[in-house]
Amino acid sequence: MIGGGRWARVWYRVLTGLRPQPRIHWASSRNHNGVADWLSEQSAVHGVSLPPTDLYAGLEALVAAARPGMAIVANLPAEHGRTVRMLLDHGCHVLVEKPFVPTLEEADALVELADRRERILAVGLELMLATYVRGFRQVVEQSGLEFVAAHLIWHDAYSDVRHFTVKTPDLTTGIVGDLLPHVLSLLTAIRGAAGVSMDEGRALRGGLETELRFRYGDLPVTASLSRVAERPARLLQLEAASGARSTLDFTTEPGTIITPIGHAIVDDRWAIAPRPLDALLQLFLKAIAQPGGDSPILARLTRHIVAGTEAATNTMTDSQLLLLRPFLLRDTDSSLPTDALVALREQVAAPLVAEGLVTNPKAEDELNRWAMRAWAVIHRFARHPFTTQREMAEALGLERSVLVRLNRALRQSEPAQQLMVGQGVAMKYWENTILPLLQAGVIETARQGVSRHPFRVGVYPGVSCMFHCSFCGRDPDATYARDSVAPGNALFDAMFRDAPADPYTFYVSGGLEPLTNPGIGQLIAAGAARGFRLSLYTNGFMLTPQLLARQPGIWDLDTLRISLYGVDATSTTEVTCHPKAYAQVVQNAIAFLQARNERGAPLKFGFNFVVLPGRVEEVLALAELITSINRAAGGRQVDFLTLREDYSVSPEDGLGRGERERLAEIFEQLRERVLQPDLCDLQIDLGYALHSLSEGGWPTPLDMVAHRAMRPRGYPQISVVVDLLGDVYLYREAGFLDRPGARRYAIGRVGPTRSLHQVVTEFLASGQAIEPEPGDTGYFDIFDHVVTHLLNQADDDATFGIPFAEGPIRDRERAGGAHAPLAHPTLAHPTLAHPTLAHPTLAHPAAGQISHVGAAIVPVSIAR
Ligand code: SF4
């Protein structure tokens, strides 16, 4: 016997009825003393004659000391998988209580293990064996009716007496995991095994109740489940096409059967036949004695119950996350309404118990207290991804060792992870940059000073630029010598040749305007030929049909993005100081889109727009501008628009609070606008800080570091840029020719015999450090701010004594590697290109998508 709770004790009573009496080995890790007291009470107070029983403080102790032939697993459902595996490995036949395990994948693995070990693995679905259920089946079959719907009610009062003990729910298991296996086993007994397909399921009262709609085979089923009903009710009703109904009411066993013609039948075998648990035990023993049968309790025959429960649990979890999300967007974590707390508690209870932070899974107060601590961490990281462990420990008043356990519990909870990294106001920081970097393992590499090829490399091939944008950090008069183009392009080609195979390593940008490079087409073609999916970031002024005819290699790009600097001639001229900029760029965009569509080129084409202070109204005009470009070009539309905030100004000089609030309204209008057919293919990606506005979050400015926080040795393992001369710069906006002070951040030069990786290696080996000076963050792009924050956060955590990987974020544990898959790809930033847009079936997301959760992988509705 494994487990020390109510159900294990019920099972113990059943075992005492076996003759001859077996020796029972009973392991309970969490409630060892309670079990010992209960046993003494049974024999002393009630005078029960108990079989010889040995108690153990845990499963490991039991299997080490005893060699049990069979086991009944009645511990916490979250521990079933591990427990069953260990018992099978020790040669035990196993009867495991429902819910068996949470996923079909895990169930199949255990069934396969049992088969390999030639052991019986059965599931405690005793309801299938109840005599009144069999009686009901007979009535149903004898009626000759074809039933077209089933209605189930399974309502438990919060505290009820069942099997002679007080039953309160185990809060580590949700209502679906707890009750749906019963419901499905009932349907199995009446109709045979069938697949379950979920139609609808919503968490009511946070998840204490639910109404499910699903199909069992081809039978539509509604199921009303409750853990907090005023009075218990257990009822199954089958409905015929004529409206006639057969009903089994087993609220109090054996209950009553009402036939379609209204006769009430009481099960007369209940008093004489073995009770369901006795029948279950006998069937289990029979399966052991006579293997090879097809007893309905065998795990391999109950896969549909695991699959159906898994699907319904996922539906409930989604519903619970929706319930929690509005509170994630609030600026305070101090309280949750009851239903939200219940939803949260259900998602973190099992790991909190597993970590020993909550000692009793039925102790609601204790569980609520820890759930709120977990919420504080979730809320904090969903809003402030750079929170240190020092800050978290202080905010919660927890010892380091306790915080480590809380973190570990959060890493075990998939919904907690989703809330932290995919649902809060800072989700763009997570999805666009932090998670891909963690998944690639480059944060640790950079912190440890280990050399590697840079994860992302900006190729800056521009020779000059015809614009003079007000916010541009370049020297307006700087140009590269014409004779540097050919050798520079040869260096870029050598970089492509020597780089690791990650197709998103390089992006082409500037510096200066990349299309001013007369070999740009060949350069792109060379990169594409080596397997790189290049993105090009251009001001679009030179993207004429004539240039395309001369530079056909441009069609080998993965993505081309034009930066728009205004929505009409006046606003564009104000920014670029070029009077022809607007007309030329729009004309080029139309011609380019037309040409792309005529060629049927897969290339993704879109725009970037920086929302400047004082000009937020331009966002709606921009949508109309893109619509007019779509109309003029015809065919496949513009694929994407990235909207960004100006990071070159300090937060005080950036968008004001009123402007951010107005932007939130504008984004609402934009959601509606992109539903129209003339703009329906446009995928809109909002930047780090703008995203929160679209979600109704509190307006927050970009999270930027001060110059004192800059890292003297940068992070060339993560990001560098390389210009036409082969000079390698640590920061993206340092790679502007002749920019005052920027040379300090050049770490070497690639050459015909000196690879980029070598430059990085030599720089790191030199120990060279660049002391930051006031104003040096001007060489940062916003990506550099994020990376610096992240590295500093990891350093501080390590100093505090909680290594980064032991924080609350699961992706920090990933070892990474050059080809680590990007589970959270994005088009949001040049460094992190967007593989989903490269996927033919995802190139045109569902109409009107502003990308949120998981970018475009799972097209999500714009509705919150
Ligand atoms: S922002 Fe780009 S287009 Fe504008 S001046 Fe600078 S390099 Fe040229």
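Here ASP475 fulfils each of the conditions (1) touching a Lys or Arg at 6+ places or on another chain (Cβ under 9 Å); (2) away from the ligand (no atom under 16 Å from the Cβ) apart from (2).
Is it true that PRO514 is over 37 Å from the mean Cα position of the chain (by Cα), modelled with pLDDT of 95 or more and within 24 Å of THR479 (Cα to Cα)? No. Inspect all residues belonging to segment 618-633 and state whether any of them is among the charged types (D, E, K, R), at negative phi, in a helix (DSSP H, G or I) and crowded, with 17+ Cβ neighbours inside 10 Å. The answer is yes; a qualifying residue exists.
Does ARG452 satisfy the condition of being open to solvent by 10 Å² or more (accessible area, probe 1.4 Å) and either within 16 Å of the ligand (Cβ to nearest atom) or more than 30 Å from SER535 (Cα to Cα) (or both)?
Values: open to solvent by 10 Å² or more (accessible area, probe 1.4 Å): yes; either within 16 Å of the ligand (Cβ to nearest atom) or more than 30 Å from SER535 (Cα to Cα) (or both): no.
It is false that ARG452 is open to solvent by 10 Å² or more (accessible area, probe 1.4 Å) and either within 16 Å of the ligand (Cβ to nearest atom) or more than 30 Å from SER535 (Cα to Cα) (or both).
Among the residues of segment 406-430, just one is surrounded by fewer than 20 Cβ atoms within 10 Å (Cβ to Cβ) and either more than 16 Å from the chain's Cα centre (by Cα) or of a type in the set (A, V, I, L, M) (or both), namely ARG408.
For segment 238-266, name all the residues that are closer than 30 Å to TRP11 by Cβ and open to solvent by less than 20 Å² (accessible area, probe 1.4 Å). Reasoning before the result, please.
Kept after step one, since they are closer than 30 Å to TRP11 by Cβ, are these residues of segment 238-266: 248-257, 266.
Within segment 238-266, LEU248, PHE250, GLY255, ILE257 qualify.
Under 7 Å between Cβ atoms, which residue pairs at least 6 apart in sequence (or on different chains) link something in segment 25-43 that is charged (D, E, K, R) with a partner that is open to solvent by less than 30 Å² (accessible area, probe 1.4 Å) and outside any helix (DSSP H, G or I)? Every condition considered, the pairs that remain are ARG30/GLY4. Among residues of segment 579-596 that are of a type in the set (Ser, Thr, Tyr), those with a beta-carbon under 8 Å from a residue that is surrounded by fewer than 22 Cβ atoms within 10 Å (Cβ to Cβ) and not in a helix (DSSP H, G or I) at least six positions away or on a different chain give the pairs TYR582/ASP568.
To keep it simple, each residue is scored yes or no on (1) of a type in the set (Val, Ile, Thr); (2) in contact with a strand residue (DSSP E or B) (Cβ under 7 Å, 6 or more places away or on another chain); (3) within 22 Å of PRO808 (Cα to Cα).
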position: ASP267; (1), (2), (3): no, no, no
position: PRO291; (1), (2), (3): no, no, no
position: ALA311; (1), (2), (3): no, yes, no
position: VAL342; (1), (2), (3): yes, no, yes
position: ALA350; (1), (2), (3): no, no, yes
position: ALA363; (1), (2), (3): no, no, no
position: ALA371; (1), (2), (3): no, no, yes
position: TRP375; (1), (2), (3): no, no, yes
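Test of understanding: among ALA279, ALA287, which residue is in contact with a strand residue (DSSP E or B) (Cβ under 8 Å, 6 or more places away or on another chain) and assigned to a helix (DSSP H, G or I)?
On the way: ALA279 fails: in contact with a strand residue (DSSP E or B) (Cβ under 8 Å, 6 or more places away or on another chain).
Residue meeting the stated conditions: ALA287.
Taking segment 226-249 on its own, how many of its residues are assigned to a strand (DSSP E or B) and over 29 Å from GLN142 (Cα atoms)? Steps first, answer last, please.
Step one: list which residues in segment 226-249 are assigned to a strand (DSSP E or B), which gives 226, 233-240, 245-249.
Pick out the ones that are also over 29 Å from GLN142 (Cα atoms) and you get 226.
Qualifying residue count, segment 226-249: 1.
Starting from residues that are among the β-branched types (Val, Ile, Thr) and not in a strand (DSSP E or B), keep the ones in segment 540-560 and report whichever is nearest to the ligand (Cβ to nearest atom). Reasoning before the result, please.
As a first pass, look at segment 540-560 and keep what is among the β-branched types (Val, Ile, Thr): 544, 554, 559.
Filter once more, keeping what is not in a strand (DSSP E or B): 544, 554.
Numbers: THR544: 16, ILE554: 18 Å.
Filtering segment 540-560 for residues that are among the β-branched types (Val, Ile, Thr) and not in a strand (DSSP E or B), the one nearest to the ligand (Cβ to nearest atom) comes out as THR544.
Among the residues of segment 520-539, is any assigned to a loop (DSSP other than H, G, I, E, B), among the basic types (Lys, Arg) and open to solvent by 20 Å² or more (accessible area, probe 1.4 Å)?
yes
Of the residues making up segment 561-588, those that are within 15 Å of the ligand (Cβ to nearest atom), under 28 Å from GLN522 (Cβ atoms) and not hydroxyl-bearing (Ser, Thr, Tyr) number 9. If you take the residues in segment 455-472 that are among the aliphatic types (A, V, I, L, M) and more than 11 Å from the ligand (Cβ to nearest atom), which one is nearest to LEU512 (Cα to Cα)? Among residues in segment 455-472 that are among the aliphatic types (A, V, I, L, M) and more than 11 Å from the ligand (Cβ to nearest atom), the one nearest to LEU512 (Cα to Cα) is VAL463.
Scan segment 596-609 and give yes if some residue there is over 18 Å from TYR688 (Cβ atoms), in a helix (DSSP H, G or I) and not basic (Lys, Arg), otherwise no. Within segment 596-609 (the criterion being over 18 Å from TYR688 (Cβ atoms), in a helix (DSSP H, G or I) and not basic (Lys, Arg)), the answer is yes, since at least one residue qualifies. In this structure, ARG369 does not satisfy being under 24 Å from the mean Cα position of the chain (by Cα) and surrounded by fewer than 24 Cβ atoms within 10 Å (Cβ to Cβ).
Here is a yes/no grid of residues against (1) buried (at least 23 other Cβ atoms within 10 Å of the Cβ); (2) assigned by TED's automatic domain parsing to the domain that holds ALA240; (3) basic (Lys, Arg); (4) closer than 22 Å to TRP26 by Cβ:
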site	(1), (2), (3), (4)
HIS90	no, no, no, yes
VAL101	yes, no, no, no
ASP108	no, no, no, no
ASP115	no, no, no, no
GLU118	no, no, no, no
ALA122	yes, no, no, yes
VAL139	no, yes, no, no
GLY144	no, yes, no, no
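Here are the criteria: (1) out of contact with any His (no Cβ under 8 Å at 6 or more places or on another chain); (2) of a type outside the set (Val, Ile, Thr); (3) at pLDDT 95 or above. Tell me which single one TRP270 does not satisfy. Condition (3) is where TRP270 drops out.
Residues that are within 24 Å of the chain's Cα centre (by Cα), assigned to a loop (DSSP other than H, G, I, E, B) and at pLDDT 90 or above within segment 794-820 comprise ILE802, PRO803, GLY807, PRO808, ILE809, listed in sequence order. Within segment 544-563, the set of residues being open to solvent by less than 50 Å² (accessible area, probe 1.4 Å), of a type in the set (A, V, I, L, M, F, W, C) and either modelled with pLDDT under 95 or over 35 Å from the mean Cα position of the chain (by Cα) (or both) comprises LEU547, LEU548, ILE554. Sub-6 Å Cβ pairs linking a first residue in segment 747-762 that is without any contact (Cβ under 8 Å) to a residue 12 or more places away in the chain to a second residue that is loosely packed, with under 14 Cβ neighbours inside 10 Å, at least 6 apart or interchain, number zero.
Condition check for LEU59 on (1) of a type outside the set (Ser, Thr, Tyr); (2) surrounded by 19 or more Cβ atoms within 10 Å (Cβ to Cβ); (3) under 24 Å from LEU283 (Cα atoms): one failure, at (3).
Looking at segment 667-774, the strands (runs of 3 or more DSSP E) lying wholly inside it that each contain 2 or more residues that are open to solvent by less than 10 Å² (accessible area, probe 1.4 Å) sit at 683-686, 719-723, 727-729. Within segment 491-523, can you find the residues that are more than 16 Å from the ligand (Cβ to nearest atom) and charged (D, E, K, R)? Within segment 491-523, ASP493, ARG497, ASP498, ASP502 qualify. Which of the residues belonging to segment 223-237 are open to solvent by 20 Å² or more (accessible area, probe 1.4 Å) and either closer than 16 Å to ILE190 by Cα or not assigned by TED's automatic domain parsing to the domain that holds PHE136 (or both)? ARG234, LEU235, GLN237, listed by residue number. In this structure, VAL485 does not qualify as in contact (Cβ under 8 Å) with a residue 40 or more places away in the chain, more than 12 Å from the ligand (Cβ to nearest atom) and either open to solvent by 60 Å² or more (accessible area, probe 1.4 Å) or touching an Asp or Glu at 6+ places or on another chain (Cβ under 7 Å) (or both).
The values are calculated or read from the model by the stated rules, or taken from the named source; none is laboratory data. None of these values were measured; they are calculated from a predicted model. FYI the Cβ positions are ideal-geometry reconstructions off the backbone, even for glycines, and counts take in every protein chain you see. Side chains included, ligands, DNA and RNA excluded: accessible areas come from the protein's heavy atoms. Shrake-Rupley method; radii C 1.70, N 1.55, O 1.52, S 1.80 Å.
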